[in-house]
Structure formats: structure tokens, C-alpha cells
Amino acid sequence: MAQPKVLLLTGYGINCEEETAYAFQACGAQTAIVHVNDLIAAPKQLSGYQIFVVPGGFSYGDDTGSGNALANKMRHTLWPELMAFVAADHLVLGICNGFQVLVNLGLLPGDGDNSFGSRRVALIANRTARYECRWVNLLAAESDSVFLGGVSSLSLPVAHGEGRFFAPPETLAELKLRRQVALRYVDAEMQPAQGSFPANPNGSFDDIAALCAAKGRIFGLMPHPERAFRLNQMPDWPERLALEPDSDWRQPGPGRVIFENAVNYFS
Amino acid sequence: MKKTTTGHRLEIFFRDVDLDTRGQLLRDRLNSLELSTVIEEVWLSELYTFEGDFSPARLQEAADLLLNPVIHDCLIDEARPLHSAELILEVGFLPGVTDNIAHSAAETLADAWGAPLEIDQGVYSSTIYYFKVAAALTVEDRRLVGRILANALIERLDWKERFRYEADQGMDCIIPRVRLGAGKKVSLVDLEISESELVALGKEGIIDHCEADGDEPCRIVRRGPLALDLPSLGAIADYFATVEKRQPTDLELEALAQTWSEHCKHTIFAAAIDDLEKGLYKTYIKGATEKIRQERGADDICVSVFVDNSGAIIFDDDYLVTDKVETHNSPSALDPFGGSITGIVGVNRDTVGFGLGAKPIINRYGFCVADPGDQEPLYRSAGGQNQALRPRRILDGIVDGVRVGGNCSGIPTTQGFLTFHPGYKGKPLVFVGTVGLIPRKTKAGRLSHEKAARPGDYIVVLGGRVGLDGIHGATFSSEALTGGSPATAVQIGDPITQKKFTDAIVKEVRQRNLYSSITDNGAGGISCSVAEMARECNGCRVDLEKVPVKYPGMAPWEIWISESQERMTLAVPPEKWSELETLLKSRGVEALVIGEFTDSGRCQVSYRGEKIMDMELEFLHNGQPAKRLLTKIRPSEENHIFLPPLTEFSLEDLFVKMFKRLNLASHAYVSTQYDFEVQGGSVLKPLVGSRQIDGFTTVVQPLPESAKGVALSQSLYPAISDLDTYAAAATAIDTAVRNLLAVGTPLSHIALLDNFCWCSSDDPERLWQLKECARSCYETAICYGTPFISGKDSMYNDFRGFDRSDQPVTISVPPTILISSIGVMPDISKVRSFAFVKPGDLLYLLGAGGAEIGGSEYLALLKEEDLATSEAQGQVPKFVPADQLPLYTRLQEWTAAGNFRSLYPLAQGGLAHAAGKGALAEGLGCELEIPASERPDLFLFNEYPGRFLVSVAPELGAEFEKEFAENSFTKLGRVRTDKEIVISQNGETSLQTTVSTLLAAYRSTFVGF
């Protein structure tokens, strides 16, 4: 299959669907932005796609816990179809609020390779108790994530109020053992952030920024790769231009590889 | 816990209190309040109160839906054990206040249970704080703590000591349902009354009822001000007596008051003033735009100006960009959070309500407040009653409101500023703006900026429901805020409800061509939006009982003028209604037909079959008697500054202190709370360089395949306004325009927005200042060829109250003109920041300056340091915009060629601030030589407009000096390899500091905010 089909969810406050769809398109995928109510009305359509994306946003305004209300809605209405989707050789991506939804749905980290549905970790209020929009450095952990193939480090923006990763100690140990920790926050010198702000922008336990499951086919991360897709989205773009006036704004940014990896999985 | 038959309480809290960081940070914040004791710990619980019948099984299901089992414990109808907590506080909303958390909770329950809650069921949210204290809190302590944690205007605070909590088995079960008296009827209003009674009617409103009070004569209770003066009431009385031959209904009078209000009709800007028969708006603002458009001919960038909810200019062949900047000052003084969130989501609707519906793509903000360290109390009422919120509390609240409103809506908030001035203590200014993007034509081939309701179209309202929110705006009494009566004065925005219909309209409905016209519901609610759209087809007929309401018992006039947020009004052809209704329903958006547009020439409203409004549209819109205003010159005093001898202070000391000033220090704590990256288009971000230094201009790329960018900036000079409003406007326009030039925007593609925030606008001297300011807008805009495309004014920003010793005080804002600029740059590859990027680069000051420091930050600092007398005013810079054009033209050629390494358009803080920030951004030092003829402090700190600090690669130095030979420039020095900032004169070091010293100073002021 050369050109995978991507379903990106929207509705109820999801707000990053267009730029995320653009990223997939630019990497050669076909995309469809589907309102959650339309998916619920015809859940079988999910089987016509290879990549399912819950984009970033503010579903239900983060009320009752970020991602919780949308996860509840999906659990009640789409669970069998979601299980069939992940059982097949498909990809699932959750970015920011989408990651929070996947965690609340129990798709991440899951319970073993093929058991999903229980909540085992949480993304809670940032330790600053404040919304943080800033760029962070990330180091790929040893994981099976399909999305991070060939990636060692990344610079991406975060923008969230509730991104502090928490897991009970025994769960955390298991995640590491099962290679499910995908990205960690590091400082400018690529050294572990060790919980310190702002390198670790939210106080995540063990600096964890991303998880994967199902042999790396399900992937969730707090940072936004779609916002670092082109060079001109990078925070040093104006200063880069000052030194290299001929820089091409269309050149890839560090986030692009995540979408390329997803699309290339099906080639 | 007191058991009740009608309520249940579900309390959710962290199982491991170490995760409760909100409590830990709150503890630290409260301990900074100078309490009489120490708060050792604070624990929080989130509480949901369920009203009505819920079985134990249902409550358990609700708990499972609302909590996270990984981290939370919960209790149902059971008190949380106190452990070592001694004091407990519950904060919940008063009846009728928008409760977004409860709204989402109810929706998630409805999703799970397959049906919405019953009519007699409800969910309400509140928060409980448990305090472990070293010693008991005094009454004053509780007051201080309470002021941080709640706003008594919209929230209840219930305190319990440990013994009471234990005796009661917990907090009380309080259900804030709105209960209104039944059956409020429409009444007729007699206008054949004495003049004094008419004055009372206009100022205090229609008589609602009389309250008996023992043997005293009954007390008349009025509904709140109509703000109609005697000539207006006379015209209304005349119209009803001669044309309609009957008395007006209360609803008609309220509707006229809304439509004719300063807020809606801008009577001061519309009125004839002195010799200007057409008034300030038509002569100076619209007049400037018309003249510029005429002169530009085929190169005109304006497409839709002053006619719609936003103004629009050309983006490219296929798209328009829209812009609008609003103010929300009075509500933000009362409830800063509610005021600013309502403001930002409100101006988002001015985008969705532009043309056939533009997509909001960028938010702007600007907050003008007093020194947040100012602890001196102010009271709205005599006798120490009704204390006004302190500046810090106001600042925190308005920052939060725009954060929640902007972030939840998925609109990047890139552009904004904070300005501090003592005049903003009584009333803050809260500016909120939104830029939109709309295809020039719809798929059906319609021009998307044109719209018109047609006779026979359904009147459709969609979005949120109508409550008593915002009726009569700021006119509330504290009595009205107790018991079952809703807090009507303040509204809280609900961004998610709005996000749902915004997505539906701009991403789906607009393309399907399902409506003829659309507008937003803002001030005056549907009374204004429907009557405004009715002008497009000349008539409307409304069945008011069809308007969806939040709770029963509202009077018809309340429904008609309610300003409940998150609503749009559409004109929908009947044959399109079913498709629209189905689509909106599937998007979770409530929409209802409430009447139809007609061509009767009349605005007709009925309620349950009874006709309650029936009058000519012409009179409703144009019946207001014309006003004539007279101004009086405000004498300017000769005032010289006696500058301190240079030996009396350390230049280095003042240089560093300038970077700590409220207006010049880092405000990054605000910009990093706002999502400036969503939608993926940010090019020049709010913070510049690896050290994240505050910028003042941002660039966004709205379409990922196009190199075009939208550049935005803002400028205001309230301290100059104090002295000279003409200069303030000219300087602000110059700065707002120059900021865009500096990032590579051509002068030919820049437009302006004006926001006048004035004070005491009945005072002829203030009106003269206003006229001077507007004249300056006209002359400066024409000089630069930058048209105004939208504007908004707010004329009465005065606080009248009492101080600590019960003496009356009036605090007026400085006459404030905010100029916002929007430009389209052809190529985002030409953007530059102000960061010095390479050691050895040459530094030049471009443009001619002067030595006047009236209205400058430097003069304010000299006063604070006792180096100048407190009366010193000085002269404002003598600035002639026309002199700038040759420089700006040459500069554009250089930015288009990409020749500059960096550009800093000088503004507050002058050259010193520009050089310092340029150095800080990438942590590179610099050295500057002050010309021998200049007094060093004035050279460094004067705020003369029209200038840039630029850096140029050494190999381009000669070419630069040749190219700009005819423009005034000063060669200053160069960027250094090390991190030293060295400023010298005649070869001797005048000051020397390091990047790290300066950065620490710059970041120090707002630590802990």
C-alpha cells in the first residue's frame, strides 16, 4: 500500500486537526478530518483507514480532567471498532490532548501487548500549576515506536496545562522493561532534565514525554510535532535568516520525521 | 454531612497529597500575603454537587466518569477526613454564573447515560480548600485569603472551623439553582411625567416594584440605568404619542436604550463637535480611510471597512484577512477573569460574524493596569464598603481570562502587551483582538464579505442559551447577589460552546451556502443583532418565547436584551433550514428559529401571542436626536525639567534599573501561558532569541503552502497622552507602523485599528484632547498611507469612590489611544528579529532624534530616584511623520533585499533598551560610542520615534553608509564576542555591564507572578 489513509478526529474542542492533517498530506498520506459524532454514527468506517489520529486541542475544555470526557464518550461508543483497529496492523497517534485521550481510554500504555482499556498512568496538572507554551528538547528512549524510527533527539514545542506524566512505581518499571517509554525531556545539552523546569516543562516523572504500545504502533506524546514541521516554524527562524538569508522555509523541521515514519510504515 | 433529600456531593481529591501541586503553590502564594500566621499546608478537593434524584448506583457511575482512578480517591455524601487541617473553605459559583466544569460534567454523564439530565436535576462544581495552619487565621487573614481564592461578586465563600465541620459532618450541601419569581409581565411606561421623574427614569431605569418598609413610605426599586438623556426621552415620548399613539412597553424602552447607547451608536464620535458637522468619526477616522483609498486607487488594500463586525484587507488573490480590537474594561474591573474571557471570546465572534464567517487565526491582547505592588485600598462605596479589587488581583484575573478563552478556542495568542500607569488603578483597560482569514469567494461563487438577510428568511439563533447575564452591565447592587438571585452583572465566557459552533460555521456551513447573513450577539444581545440585520431587508418579526433560556421566569425584556455569550444570529432561507438544523445538531450545537425577517419597515416582537414591541425600524435606528458637542482648549503649562548633574548618579545603575521597570521588564510569564503555536503558523514568535526576550511584533503564516505572512503589532503612549494627545497618537501610529516595517512588511500593505479609551468625556477639555487625538490620527495615517479599517471607543473610564480614610477619590485613566497595526508581508523569508546574531556586526542608529524626555520611562525613573521633581513634565518629542518617509522607503528596500542582520524599532526605553534587548536575545555583548555632543543619559534613554537600531554585517558597512547617507544615521559600534555591554563616550567607558547581570535584572520584576 503506497498511500495510507489517515482519519483525524475533530469536534468538542479538538483544535489541531488541520495542521496535523497537512503534515500527513505533505508526507504523502490521504487524510480525512471526521467529527467524532459522525464517527460514532458510522463507526465501521474506521476500518477503511490505516492511521487513526486524535489531534491536540481542548476537548471539553479540559473540564473533568484533560482528555477524560472525550475518552469517556469514545469508550461508550467506539470501543469495539477501536479494538479491531489496533488488533490489525494499524497505527494510532495521540498528540497532546490526543495523548491525554489515549491514556484515559487505556490505549496507552495498555496492559501487556494486546490488552487495553484500563487506565494505568495519568497526565496531571503541570507542576507550575500553569499552562506552558514553550520549546523543549527531547531524547528518544529505547523503544519500539514506529513513529520514532531513526530519531535520536528532537526539538518540539509543548503547549498544555496538564502534561505531567505520572505512573505508580511498579507501572513505571514495567514500562521501561517493556520499552514503552518513547521520549524524555532533556536540557539544552541533551542531558536528562531530572524534573527541572523549564527543560522538563511540566514536572513529568522520569522526564517522560511520550509512550508507545502495541509494538510501537500506538504512540502518544505531549509535544506537538506538527508545529515543527517546516524550518520557518522553528523559534530561531528569524535569526537563522539573518545569518543565512537564502534559507528555504519549506525545509523540514524536526517534527516531520514522525509523520514520514508513520506514512512509510505502509510502503 | 447534613443529609438532604435533594442533593448529593461527590468529592474528588488526590490519593497522594504530594501530587497536589496546586495546593503547594497556593500555600506559598498565601504565605506571601502578610498573614498573621503561617499556612503550613493546603489540600484541594474538587466537588460536584448533584441536584435531584440520583440512585447510589448512578452516583457511583458518575464518580467513575469524573475521576481518574490512577490518582484520585473520591467520597460520595461523606466528609473528607481532616487529618491536621483546622480550617476549611468551599468556593462555589453563585446562582446563574456560568459553570463550565459542571456543564462538561453534565455532558459527559449524558453521553454515558444516553440522555440528558432531567429538568429537576443539575450538576454544580465547587472547590474545597483544607488549611493546616500554625495558628488560627484572624478575620483579616480570612479576608485576604478569600480575596485571592474567590470573587464575592460571582462566588460564594463558605468557611468552617474544624469543630463546626466535624459537628456538621462536612460542608453544607448548597445548590445554586436560579429561582425567579413566576410570571413577569410586560408593562407600559408612562412618559408623560415630570422632568425630574424623567431624569430618574433615564439614569436609574424603569420602576420595577416598590418595597414596603414598615411605616416608611415604600422604597422604589428600579431596573437599572437606561442611560437615556432628556432629549432622547423627549424624542421617544414624541414618537409614541404622535406616530404609535400609545405608551411604549418596557421592552421597547429597554431596546431603544440599548440601540441608542454610547456603546452601540458611539454618540460622542458621531456627534457634531465644534466646527466639525460630521463629527470626529466621519471626519477624521473614516475620513482618513476614504482619502487614502481614493489616493491609492487600484492599489487600495481595503475590502470591507467600518461596515461589518471586523475590518478586512486583501491577503492575496484568494483570501482576505480581517481584524478587530475590542475593549472590555468595566466588566474586567469587577470580575477580571470573567471580563477578559468574555472579551476575548466576544471578539472571536466579531471574526466569525464578519461577512459570511471568517476563521479566527490570531488573538491579540493588551492589558493596562496599575502597579501590581500597590496595596493602597480603594472603595466603591463610602464607609469602607465595597472594596475595589487590587491591581495585582486584577492583573492575575485578566491574564487568566485570556489564557482560558484563547487556549480553549484553539486560536494562537501571539500578539500582546502589558502597560502600567497609576491612572489604570480604578479601571483597568483590557484590549482583546482577533484576526481572521476568509476566502474572498465561497464555493458557490458569492463574495464572502457581502451578506444580506432577505424577507422571509428565518431568524435563527444558535449557541448558548439566554440567562440574566450581563443585563444592564455594570449596574449591580450587592443585595442583588444573595439568595436565589443570579449575578447578572458579570458574565463568564464558555469557549467550548463557542468552539463547537465556530467550527461548524467556518469549516462546514459556510461552504454549503446555508444562510443569507450572519452576525454575532454582543452588546444588547438579540435586541441589537436582530434589529441590526433587519436593516438589511427592512423588517423583522420575533416570537420571543421561542428563544432558548437557561432557566424559567425571565421577563420578556430580559430575554430581548440579555447579553448571554456564545450566540450568533443567522438569516436562513426556509428551504435551507432543515439541512442546517441537522448539521448543527450533529455538531452538538443548539439552534432554533425565533422568527422571520420581513420587509414591513418595522421591528415586531411578540411573547406568547401578545405583541410587546412594534415600532418603525427607522426610528429605532435613527430616531435619536443629534447631539452637538463643544470643546475647550486644555491649556498646556510651560514646564522645564531641571536635569540632575551627571555626577549625581551612576549611569550604569540607571541603565540596569530601566530594565526592571514594570513597563520595560520581561513579561514572558504572560506570553508563555498563551498558546502561540496552535494552527502551526507562527514565524516571528512573541519571545525572541534563545534567551526569550519580549518582542512587540509577531508574524504568522496562515497558509502552509504560501510564503505570505500576517504581521501584527500595537502601540500606545499613555504617559505622552497626559501631556499631548496629538503627539501620543502620532507616536503610537509611527511605532505601530515602524514595528511592521522592521520585520519586512511593506508600508503599502499596512492597515491600522484605533481604540480610544477616554475619561470624563462630558468635560469640554477632555473632548478637546479627544479631538486633537483624532486629528492626529487623520493626519498621521494619511501621511503614511495606512488606512484605518476598524475601531472601537470606550469613553467613560473613570473610577469614583473612596480611599482608606473615606475621602472621595476620582481616578481617571490617562486619555489612551491604542493603535494596532496589521500588515501582509510577501515573503516570510525576509523576516528579521531584533536579536544581535554575530560578533563583529556593525551597529547603527537610523533616524534623527532629539533630547525631549517628556512622557518617557526615563523621566519616570528620575522621579522615582528623586533625581527630578515630581511635577517635572518636560516636552514631548517634536515629531513630524512626513520627515520619516524617505527613511522608511529606503529601509523597505533593504529589508526586501534581506540586508539587515537585525532591526529594533526604538520605543519606550529608547536606544538603551533596544541595545540591551538586542544583546540579551542571543546572549551577545555589544559596544556603543555616544557622540561627543550628546548628554549620555538623554542620548540613551530618549524615546524619540521614527528610529531603528540596526545591525549589519561588517562587509555591508560601507554600502549601508552610502545608501543611508541622505537619511540621518549614527554609527554606534559593534556586536562583541564576549558577553560585555560597554557604552562609552570620547573613548571613556560610561557604563559597563554583562549580559547575565542585565538578563537577571530584566527577569526579576515579575518573579512569582
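The values are calculated or read from the model by the stated rules, or taken from the named source; none is laboratory data. Please read all numbers here as calculations on a predicted model, not as lab measurements. So basically every Cβ, Gly included, is an ideal-geometry build from the backbone, and we count neighbours across all protein chains shown.
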(message) What are the pairs with Cβ atoms under 6 angstrom where one residue, in segment B:408-421, is over 16 Å from B:Lys359 (Cβ atoms) and away from every other protein chain (no Cβ under 13 Å) and the other, located anywhere, is in a strand (DSSP E or B) and aliphatic (A, V, I, L, M)? Sequence gap at least six, or different chains.
(response) B:Gln415/B:Leu712
(message) Looking only at residues that are in a helix (DSSP H, G or I) and in contact with a strand residue (DSSP E or B) (Cβ under 7 Å, 6 or more places away or on another chain) in segment A:19-38, which one is surrounded by the most Cβ atoms within 10 Å (Cβ to Cβ)?
(response) A:Thr20
(request) Filter segment B:670-708 down to the residues that are within 28 Å of A:Ala26 (Cα to Cα), among the β-branched types (Val, Ile, Thr) and within 8 Å of chain A (Cβ to nearest Cβ), then identify the one that is surrounded by the fewest Cβ atoms within 10 Å (Cβ to Cβ). (result) B:Val683
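Matching residues to (1) surrounded by 14 or more Cβ atoms within 10 Å (Cβ to Cβ); (2) within 29 Å of the chain's Cα centre (by Cα); (3) modelled with pLDDT under 95:
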site: B:Tyr607; (1), (2), (3): yes, no, yes
site: B:Glu610; (1), (2), (3): no, no, yes
site: B:Asn622; (1), (2), (3): no, no, yes
site: B:Pro644; (1), (2), (3): yes, no, yes
site: B:Glu648; (1), (2), (3): no, no, yes
site: B:Phe655; (1), (2), (3): yes, no, no
site: B:Lys660; (1), (2), (3): yes, yes, no
site: B:Leu664; (1), (2), (3): yes, yes, no
site: B:Ala668; (1), (2), (3): yes, yes, no
(message) Going through A:Pro223, A:Pro254, A:Pro245 one at a time, which residue ends up being within 13 Å of another protein chain (Cβ to nearest Cβ), within 21 Å of A:Glu18 (Cβ to Cβ) and not aliphatic (A, V, I, L, M)?
(response) A:Pro223
(request) Identify all residues within segment B:106-132 that are modelled with pLDDT of 95 or more and over 27 Å from B:Gly96 (Cβ atoms); write none if there are none. (result) B:Tyr130, B:Phe131, B:Lys132
(message) Can you tell me which condition B:Tyr858 does not meet? The list is (1) over 30 Å from A:Ala242 (Cβ atoms); (2) in contact (Cβ under 8 Å) with a residue 40 or more places away in the chain; (3) not in a loop (DSSP other than H, G, I, E, B), and all the others hold.
(response) (1)
(request) Starting from segment A:39-66, keep only residues that are within 11 Å of chain B (Cβ to nearest Cβ) and within 16 Å of A:Glu19 (Cα to Cα), then list their pairs with residues that are at pLDDT 95 or above and surrounded by fewer than 18 Cβ atoms within 10 Å (Cβ to Cβ) whose Cβ atoms are within a distance under 9 Å, requiring at least 6 positions of separation or different chains. (result) none
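Given the structure, is B:Gly339 modelled with pLDDT under 95 and either farther than 18 Å from B:Val435 by Cβ or polar (S, T, N, Q) (or both)?
So B:Gly339 passes the test.
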(request) Run down B:Glu966, B:Glu961, B:Glu943, B:Glu922 and say which single residue is surrounded by fewer than 19 Cβ atoms within 10 Å (Cβ to Cβ) and modelled with pLDDT of 95 or more. (result) B:Glu961
(message) Please return the ranges of strands (runs of 3 or more DSSP E) entirely within segment B:679-775 where 3 or more residues are closer than 23 Å to B:Asn329 by Cα.
(response) B:709-715, B:750-757
(message) Criterion first (among the hydroxyl-bearing types (Ser, Thr, Tyr), touching a residue at least 12 places away in the same chain (Cβ under 8 Å) and either in contact with a Lys or Arg (Cβ under 9 Å, 6 or more places away or on another chain) or at positive phi (or both)) does A:Thr128 satisfy it?
(response) no
(request) Looking only at segment B:582-592, decide whether some residue is touching a Pro at 6+ places or on another chain (Cβ under 9 Å), surrounded by fewer than 17 Cβ atoms within 10 Å (Cβ to Cβ), over 22 Å from B:Thr519 (Cα atoms) and more than 14 Å from chain A (Cβ to nearest Cβ). (result) no
(message) Need the failing condition index for B:Glu192 against (1) closer than 26 Å to B:Thr259 by Cβ; (2) in a helix (DSSP H, G or I), just the number.
(response) (2)
(message) Among the residues of segment B:332-350, are any within 14 Å of another protein chain (Cβ to nearest Cβ), closer than 28 Å to B:Thr1005 by Cβ and either among the acidic types (Asp, Glu) or more than 18 Å from the chain's Cα centre (by Cα) (or both)?
(response) no
(request) Please indicate, with yes or no, whether at least one residue in segment B:544-567 is touching a residue at least 60 places away in the same chain (Cβ under 8 Å), over 13 Å from B:Val466 (Cα atoms) and among the polar types (S, T, N, Q). (result) no
(request) Considering (1) buried (at least 24 other Cβ atoms within 10 Å of the Cβ); (2) on the phi > 0 side of the Ramachandran plot, say which one A:Ala159 fails and leave the rest. (result) (2)
(request) Mind counting the residues in segment B:929-951 that are among the hydrophobic types (A, V, I, L, M, F, W, C) and farther than 26 Å from B:Thr731 by Cα? (result) 1
(request) For B:Phe14, indicate whether it is within 13 Å of another protein chain (Cβ to nearest Cβ), of a type in the set (Phe, Trp, Tyr), touching a helix residue (DSSP H, G or I) at 6+ places or on another chain (Cβ under 9 Å) and surrounded by 14 or more Cβ atoms within 10 Å (Cβ to Cβ). (result) yes
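Residues in segment B:892-918 that are away from chain A (no Cβ under 14 Å) and assigned to a helix (DSSP H, G or I): how many? Step through it out loud before you land on a result.
Taking segment B:892-918 first, the residues away from chain A (no Cβ under 14 Å) are B:892-893, B:905-916.
Subset that is assigned to a helix (DSSP H, G or I): B:892-893, B:910-916.
Result for segment B:892-918: 9.
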(request) Please identify the pairs in which a residue from segment B:583-607 that is farther than 23 Å from B:Glu566 by Cβ has its Cβ atom under 8 Å from the Cβ atom of a residue that is basic (Lys, Arg) and surrounded by 17 or more Cβ atoms within 10 Å (Cβ to Cβ), counting only partners at least 6 apart or on another chain. (result) B:Glu596/B:Arg541; B:Thr598/B:Arg541; B:Ser600/B:Arg541; B:Gln604/B:Arg541; B:Ser606/B:Arg541
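Please find, among A:Leu78, A:Leu91, A:Leu123, the residue that is away from every other protein chain (no Cβ under 14 Å), in contact (Cβ under 8 Å) with a residue 24 or more places away in the chain and not polar (S, T, N, Q).
A:Leu91
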(message) With assigned to a loop (DSSP other than H, G, I, E, B) and either of a type in the set (Ser, Thr, Tyr) or modelled with pLDDT of 95 or more (or both) as the only criterion, which of B:Asp316, B:Asp308 stands out?
(response) B:Asp316
(request) Go through segment A:159-199 residue by residue and tally those that are of a type in the set (A, V, I, L, M), within 13 Å of chain B (Cβ to nearest Cβ) and in a loop (DSSP other than H, G, I, E, B). (result) 2
(request) Any chance you could count how many residues in segment A:177-204 are crowded, with 18+ Cβ neighbours inside 10 Å, hydrophobic (A, V, I, L, M, F, W, C) and farther than 15 Å from A:Trp135 by Cα? (result) 2
